[in-house]
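The values are calculated or read from the model by the stated rules, or taken from the named source; none is laboratory data. Since the structure is predicted, the reported quantities are computational estimates derived from the model, not experimental observations. Neighbour counts run over all protein chains shown; Cβ positions are idealised from the backbone, glycine included. Ligands, DNA and RNA are stripped out before the accessible areas are found, and what is left, the full protein with its side chains, is counted by its heavy atoms. Shrake-Rupley method; radii C 1.70, N 1.55, O 1.52, S 1.80 Å.
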Amino acid sequence: MATAVVGSRIKRREDPRLITGEAKYLEDIKLPGLAYAAILRSPYAHANIKSINIDKAKALPGVLGVFTGKDFADVNPLPCAWQAGGVQNNANTPRILEIDKVTFTGAGVAVVVAEDRYTAEDALELIEVDWEPLPVVVDAYKATQPGAPQLHENAPNNVCMEWTVGDQSAVDQALHSADIVVKQHILNQRLIPTPMEPRGCIAQYLAATGEYTIWMTSQAPHVMRLLITAFVFGIPETKVRVISPQIGGGFGAKIFLYPEYCLMPALSKKLGRPVRWMETRSENYISTTHGRDHITDIEVGAKRDGTITSLKVNTYANLGGVLSTIAPGIPTTLYGRMLSGAYKIPNIFCRVFGVYTNTGMVDAYRGAGRPEATYVVERAVDLVARELNMDPVEVRRKNFIQPEDFPYDPIILRGLKYDSGDYDKALDRALEMLDYANFRKEQAEARQQGRYLGVGFSTYIEICGVAPSAWIGLPGEGWGAALWESANVRVHLTGKVVVTTGSQTHGQGHETSVSQVVAGELGIAVEDVTVQHSDTLGTPFGYGTYGSRSTAVGTVAVYNSLQKIKEKAKALGAHMLEAAVEDVVFQDGKVHVKGAPDRAKTIQEIAGAAALAYSLPQGMEPFLDDTTYYDPPNCTYPFGTHICVVEVDPSTGSIEIKRYIAVDDVGNVINPMIVEGQVHGGIAQGVAQALWEAAVYDENGQLITGSLMDYALPRADFFPPFELDRTETPTPVNPLGVKGAGETGTIAATPAVVNAVVDALSPLGIKHLDMPLGADKIWRVIQEHTNGV
Amino acid sequence: MYPTEIDYHRASSIAEAIELLSQNDDAKLLAGGHSLIPAMKLRLAQPGLLIDISHLEELKSIFVSGDKISIGALATHAQIAASADVQSYAPALASAAGIVGDQQVRNWGTIGGNLAHADPASDPPTVVLAYDGVIHIQGQSGSRSVNAQDFFVDLFATALEPGEIITRIELSNSSSAKSAYVKLSHPASRYAVVGVCAVLEMNGSTCTSARVAVGGATMKAVRSPGAESVLTGSSLDDSALNAAAAAVKSDIEEFLIGDMSYPEDYRQAMAGVYLKRAVHAALGS
Amino acid sequence: MQVKITVNGTLHERDVTPRTLLVHFLREDLALTGTKIGCDTSQCGSCTVHLDGKALKSCTMLAVQADGSDVQTIESLAQDGPLHPMQESFWEKHGLQCGYCTPGMIMASIALLENNPHPSDEEIRHGLEGNLCRCTGYQNIVAAVKNASEKMGG
């Protein structure tokens, strides 16, 4: 029993409240006296605010208050918590309401609080702003060129930072001596994360104590509390309690501190009422962070046999009009250090310019830097294969890091080493599922018939379980904190277990997977475990849930506490059995005397004895209770092979996904059902980037794809069933052997699809296409290469 | 998400609805509301009075009268898609109604509301036009009928005068014809980037009469006389279809609309491709 | 104005301003917060309820339009105790992650099976075109609906 529960497909423990509608998401919370806020957002992408007249809005019946940035001039701007690449000299971050100037469409400039949201919206229309529009630039490369509009005085040429990794001269030399060099301009378009629940915040201020309770849609409530108190308001951290209620997805966009999360508490203090703000979807699209948006040039050098010798990457990363909380870290640490992929590439150099433009803020979106890096690497490998007329599978195998190479040091990871892997094994399995040899025959036949059938590969790795504090905290990385996680485990008198964790959960099923680990270790029923999280009152500090780190870091903290509890249970059990501690073992939920399994005390009996404390061994404290702060020695490195098969309809440019195969290795698996669900969802998002999704700004900085009418979030009928399998290569990094599964799909899928479409169209001489591969674009490319079909 | 203040009145007769509509400049008729309410939520539409006609039973029925099928303006897309009479008399309308929006939208959106809204990317106008439908209209000065050809005037503009209401849509019996509507959907909105409806009378393998209408690509649903004349008398072979595709592209030239994702030239080209597909679908080939 | 709307079997007589959307009436006036709001353009389907037996995006109707009607929300399904087979199937097949689209997805799926009790996978995918999910990639939702159709005698 003890081992069976870990690794089994048990139904999720969080689901009953979700499938009945009983779960309380942010907008479902209603406090007595609740007032409703609505925010006036800039219609201009770049403008000075000359004046704001709120008189008419204030006079509207039902309005409780109208405020502008000047009312909060004493509140600090939001902090930038990841100052990579020397950002500290020119960081520009949002204020809770902008005062003088806006640098993107959607920046908040005034707020109305009213008795109901409808009235608040009516009042917004009565606020008069005298704007002085300024010239606009939305493209990260153009923004750095002479003559471009300047967004911030402290950032000449709109360059927020310049960051490099690797040895440029060594790479140049290697490129020079390579048999072939392929150059490619690669765009990684901007995406909108779009969790189905937009963002929201409720704040209640109690004047008597000076304390705030803030409910917010956050993936990292402890970090939010820290940033709000220590950086924005300058008040003791203990004066704020942050609660993330049920969260409807995040995908990165809910990691960050946003102006509204500080504005609501400020309003509650001013008005003496609890205040709620809930984003509409249109508002979400302009005011919540976006992801990706890289303009990249690569040069990849290889030997004639396919051995890749060098990779040089130059990237302009669009960071938006102001910096979101960890924006600079995404295109640097989480991108540049990932560029070796699954391959032994001896020479890598990457330069990244982080650029301000008149667009919405860009920060982590599912995968966060790693999808962008994987896209570059997996496209590069295919470009080499095409140039050498080699099978892309063969080129991959030729360059794979081999099982005996681990731990593998890719140099650019600044001391960390890839933990474990067998990349060929996952590739072999995926090829077997595809029946690769047969596919190439089918493809040849299809080409004879004038059909465009293609296959694409992505033999990705990712870096997750992002942690070691001592690594992320290295001088120059710019991360202003640590990255450990924490857990407290208590076995109550009744034998029921309460776990409190500093991690957060917003769809990943941690309540279930953590329960499985506890049940497995203590030999109790899953139902006897309660996992508490997401409230800074009553949970230990944690850095939050992102970067596929909650299992590989947060759950390992739980596991380590369980080991300490088991040790104490053994000591107490031995005492109860009148045996020496060396003579007992903990097994299947019992402490028993070695060789005499009947001489046993159950964990429940021991927990009861520990709690009652009538008879404890000399010096033992009552209760089975332990807290762990776990800071792992390394990240973890999942990997796998994704294969996509597409057919392109040349008459319309439409792309049909005929098959999608994914073989992932995320190390040991606690609940395969949950892992498969994570992979499905990740693939859907990754495929969607390749084919449909793109956030597009016009030259005036207006978001053209400003609603779900224009931004193509995929629907059920966009996909075939995904075909999944796994290999299991445990990580030696942590005792659970788990690597993390939240982002693999998103990281792997995008290049697999693009590689497939390029393969399909390769008879036309097409070597590269930029995403999204919409029908119009593909049709046009085919027209150009065939002079009309 | 939050409409402006409105007054609401539930009409108990067509006459009352027309009366109210005539008396209030800022009044709007509300049927299924599936075009109007979304616009109100974004405050793009700010009517002062909504006249809810959705309870006027006489506008909901679908019936056959002689060689015509009469569809009440309040018939929902779902109702039309499921109607055996529509499936028999105007099969492409039934199938088009079955792919409007999604199941929730089809349950409540009405054909009358849809035609009155005249969204160029919507499916029913194209089909009603290809079937040579007649729009029956009632106003303060009485009733009149407008051919679909004359009904769609421009982008979101119809021949409806202020104070008028669509009561019924009448189509001739096309059960002997081969017809089909096909569309290229926008991946986000699901509206038609291009929609083509072909209605073909056949004598053996020869097409004796063809009606072709295009929407999505154009500012309003438009017929393609060029394609119709190429197809009529042909055996609908590849050369006829290629010529018809060329003709449709030329006929819609002056009406083309486009956007960033689907520019005009793409939509124009797709009108040709989808014309061929519509003919093949109509013939079941 | 005064409306009489039966929700989950209970008649509610309330005074609402005409511009109140049905979804806000359900959530704010009746505190039935199971029905969610995920967009403002009638695309996402999170707010799907049944009105007089037919699936409706409750963000696309005014409460006054529903006067005299009968509304079923997600809260109606298990109000007598056991879970609805569709709820069970979403649970068993892991057809949800964050759960936000789930109430609407379940209500839309029930409507789908009412119109087509034996759908193929493809018909399920098409039939749910009015509902967006960002977490699951839809695969387990399709499996859940299929499973429910079998449970419900399909």
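Some notes on this structure:
- Test set (1) on the phi < 0 side of the Ramachandran plot; (2) open to solvent by less than 10 Å² (accessible area, probe 1.4 Å); (3) touching a helix residue (DSSP H, G or I) at 6+ places or on another chain (Cβ under 6 Å) - residue A:312 fails condition number: (2)
- Any pair with Cβ under 6 angstrom, 6 or more apart, that starts in the range A:522-535 at a residue that is open to solvent by 40 Å² or more (accessible area, probe 1.4 Å) and ends at one that is of a type outside the set (A, V, I, L, M, F, W, C) and not in a loop (DSSP other than H, G, I, E, B): A:532/A:500; A:533/A:501
- Just one of the listed residues (B:67, B:26) is open to solvent by 30 Å² or more (accessible area, probe 1.4 Å), more than 18 Å from the chain's Cα centre (by Cα) and not assigned by TED's automatic domain parsing to the domain that holds residue B:139, namely B:26.
- The range B:38-73, residues that are over 20 Å from residue B:162 (Cβ atoms) and in a helix (DSSP H, G or I): B:38, B:41, B:57, B:58
- Note on the range A:236-252: residues that are more than 14 Å from chain C (Cβ to nearest Cβ) and either open to solvent by less than 50 Å² (accessible area, probe 1.4 Å) or acidic (Asp, Glu) (or both) total 4.
- Exactly one residue out of B:53, B:6 is within 12 Å of chain C (Cβ to nearest Cβ), in contact with a helix residue (DSSP H, G or I) (Cβ under 6 Å, 6 or more places away or on another chain) and modelled with pLDDT of 95 or more: that is B:53.
- In the range A:215-235, of all residues being over 13 Å from residue A:259 (Cβ atoms) and β-branched (Val, Ile, Thr), the one that is most open to solvent (accessible area, probe 1.4 Å) corresponds to A:235.
- Residue list for the range A:523-554, filter: of a type in the set (Val, Ile, Thr), at pLDDT 95 or above and touching a helix residue (DSSP H, G or I) at 6+ places or on another chain (Cβ under 7 Å): A:524, A:526, A:529, A:531, A:536
- Residue in the range C:29-62 that is surrounded by the fewest Cβ atoms within 10 Å (Cβ to Cβ), counting only those that are among the charged types (D, E, K, R) and within 8 Å of chain A (Cβ to nearest Cβ): C:40
- Of all residues assigned to the range A:199-207, at least one qualifies as being assigned to a loop (DSSP other than H, G, I, E, B), modelled with pLDDT of 95 or more and open to solvent by 20 Å² or more (accessible area, probe 1.4 Å).
- Selection within the range C:63-78 - open to solvent by 10 Å² or more (accessible area, probe 1.4 Å) and at the interface with chain A (Cβ under 9 Å from one of its Cβ atoms): C:75, C:77, C:78
To keep it simple, each residue is scored yes or no on (1) more than 14 Å from chain C (Cβ to nearest Cβ); (2) within 30 Å of residue A:237 (Cα to Cα).
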residue	(1), (2)
A:501	yes, yes
A:511	no, yes
A:515	yes, no
A:521	yes, no
A:525	yes, no
A:544	yes, yes
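- Selection count, the range A:343-366, where residues are in contact with an Asp or Glu (Cβ under 9 Å, 6 or more places away or on another chain), assigned to a loop (DSSP other than H, G, I, E, B) and closer than 23 Å to residue A:396 by Cβ: 1
- Screening the candidates A:485, A:462 for the property of being farther than 24 Å from residue A:561 by Cα and surrounded by 18 or more Cβ atoms within 10 Å (Cβ to Cβ) yields one hit, A:462.
- The range B:16-37, residues that are touching a residue at least 40 places away in the same chain (Cβ under 8 Å) and either within 11 Å of chain C (Cβ to nearest Cβ) or part of a helix (DSSP H, G or I) (or both): B:17, B:18, B:19, B:21, B:22, B:31, B:32, B:33, B:34, B:35, B:36
- Any hit, the range B:231-238, residues being open to solvent by less than 40 Å² (accessible area, probe 1.4 Å), in contact (Cβ under 8 Å) with a residue 12 or more places away in the chain and assigned to a helix (DSSP H, G or I): yes
- If the condition is being more than 14 Å from chain C (Cβ to nearest Cβ) and either open to solvent by 20 Å² or more (accessible area, probe 1.4 Å) or acidic (Asp, Glu) (or both), then the range A:1-40 contributes A:1, A:2, A:3, A:4, A:5, A:6, A:7, A:33, A:40.
- Residue count for the range A:373-419, restricted to those that are closer than 22 Å to residue A:734 by Cβ, open to solvent by 40 Å² or more (accessible area, probe 1.4 Å) and within 26 Å of the chain's Cα centre (by Cα): 5
- The set of residues in the range A:708-739 being open to solvent by less than 50 Å² (accessible area, probe 1.4 Å), within 14 Å of another protein chain (Cβ to nearest Cβ) and of a type in the set (D, E, K, R) consists of A:715, A:717.
- Wholly enclosed strands (runs of 3 or more DSSP E) of the range A:98-178 bearing at least 1 residues open to solvent by 40 Å² or more (accessible area, probe 1.4 Å) and not polar (S, T, N, Q): A:128-133, A:159-166
- Subset of the range A:646-662 [open to solvent by less than 10 Å² (accessible area, probe 1.4 Å), more than 11 Å from every other protein chain (Cβ to nearest Cβ) and within 15 Å of residue A:750 (Cα to Cα)]: A:646, A:661
- Enumeration of residues in the range A:758-776 that are assigned to a helix (DSSP H, G or I) and more than 9 Å from every other protein chain (Cβ to nearest Cβ): A:758, A:759, A:760, A:761, A:762, A:763, A:764
- Positions within the range B:266-285 being assigned to a loop (DSSP other than H, G, I, E, B) and hydroxyl-bearing (Ser, Thr, Tyr), in sequence order: B:285
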